[in-house]
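Right, one structure below, let's go through it.
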Amino acid sequence: MDTANQVVSVGTFGVLKLPLGFIRVLEWLFAIFAFATCGGYSGQLRVSVDCVNKTDSNLSIGINFAYPFRLHQVYFDAPLCQGKKQERLFLIGDYSSSAEFFVTIAVFAFLYSLLATVVYIFFQNKYRENNRGPLIDFIVTVVFSFLWLVSSSAWAKGLSDVKVATDPDEVLLLMSACKVQNNKCGSVYGPIWSGLNTSVVFGFLNFVLWAGNIWFVFKETGWHKSGQRYPSSTSEKQAGGFNQQPYNQGSFEQENFAQSGGLSAQGDLGQQSSYSQVGGYAHSGPISFANQM
């Protein structure tokens, strides 16, 4: 059954039960999870510097960072272990491009999925008018599939770089006091990455959803429907040929039967003609004799 007939049969909101509408709803939800877990992230790490002179020590240096991960703008103050002097240090790296690109794709995918779902439900006739709606939907779906793959891959690489730049051991290497052997530097705790790891997972899940939905959107376009006409006509011709084959065999058998019957009839006629010829010879005998008389 065609998708349009299914929508009419099950009702307006029944399109959400079909793969085309159901996957759009999943894309909408997964896009929310993707940009929420990435765009709403904020992390913290703490390190300690234990100077020879205990009064100069700082055993809890907090470093906070958040989306969009412009780490080169994140600074903190660390003791120099030279009296009360401190130095201001900055983290290394700017990973805002990959993070913002990922969140931007997620937001636009969220908006388009919401718009497409509304069109499927309330504007089904206009969506199928002149085949423009399915064609536009198909092109946009292909584009978003590609963008999800690119943005998720870029953000996965960016996240790995963020983890390295915010590693407490790497941060300790920036401090001048930690380069002195008599001072003791250590990590109190590092950032929690579960939220950002989840965002990468949702990014690739969105790619799978959008790529899988290409087929269901393609089935609604005129390209798929026009491609189905030729195989159907060919199959009808083949089916017609198979249906005619028993008839031809039957007619062939009838012809064989008629020929065999004709042969038998000719055989009978031949025998009768031979009898008639014999009779003719018998009858012509006295006539020829009478003429000789």
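The values are calculated or read from the model by the stated rules, or taken from the named source; none is laboratory data. Bear in mind that the values here come from a model prediction, so they are computed numbers and not experimental data. In this analysis, Cβ positions are derived from the backbone assuming ideal geometry, glycine residues included, and neighbour counts consider all displayed protein chains. Side chains included, ligands, DNA and RNA excluded: accessible areas come from the protein's heavy atoms. Shrake-Rupley method; radii C 1.70, N 1.55, O 1.52, S 1.80 Å.
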* Taking the Cβ of Val107 as the centre, find all other residues whose Cβ is under 15 Å away and add up their charges (Lys, Arg: +1; Asp, Glu: -1). => -2
* Could you give P(r) for the range 16-110, binned at 10 Å from zero, as whole percent values over all Cα-Cα pairs? -> 15, 29, 21, 16, 11, 6, 3, 0
* What's log10 of I(q)/I(0) for the range 21-175 at q = 0.09, 0.16 Å⁻¹, Debye sum over Cα points only, no solvent? -> -0.46, -0.89
* Structure fact -> Between Val188 and residues 5 or more places away or on another chain, the pairs with built amide H atoms under 5 Å apart involve Arg46, Val47, Ser48
* What net charge do the residues around Asn197 carry, taking every other residue with its C-beta under 15 Å from that of Asn197, with Lys and Arg at +1 and Asp and Glu at -1? -> +1
* Asked: What are the ³J(HN,Hα) values, in whole Hz, obtained from phi via the Karplus relation 6.51 cos²θ - 1.76 cosθ + 1.60 with θ = phi - 60°, for each residue of the range 102-118 in sequence order, with x given for Gly and Pro?
  -> 5, 5, 4, 4, 5, 5, 5, 5, 4, 5, 5, 4, 5, 5, 5, 5, 5
* Which distance in nm do the two modelled labels at Asp167 and Arg132 give, with both placed 7 Å along the Cα-to-Cβ direction? -> 5.6 nm
* Asked: How large, in percent, is the carbon and sulfur part of the accessible surface of the range 1-141 at a probe radius of 1.4 Å?
  -> 62 percent
* To do: Using the structure shown, select from Lys84/Lys163; Lys84/Lys184; Lys157/Lys219; Lys54/Lys163; Lys17/Lys126 the pairs with a Cα to Cα distance greater than 24 angstrom.
  => Lys84/Lys163; Lys157/Lys219; Lys54/Lys163
* In square nanometres, what is the average projected area of the Cα convex hull of the range 86-203? -> 9.8 nm²
* Asked: Summing +1 for each Lys or Arg and -1 for each Asp or Glu, what net charge is found among the other residues whose Cβ lies under 13 Å from the Cβ of Thr141?
  -> -1
* Asked: Hey, rough spin-label estimate for Leu18 and Gln82, points 7 angstrom out along Cα→Cβ, what's it come to in nanometres?
  -> 7.5 nm
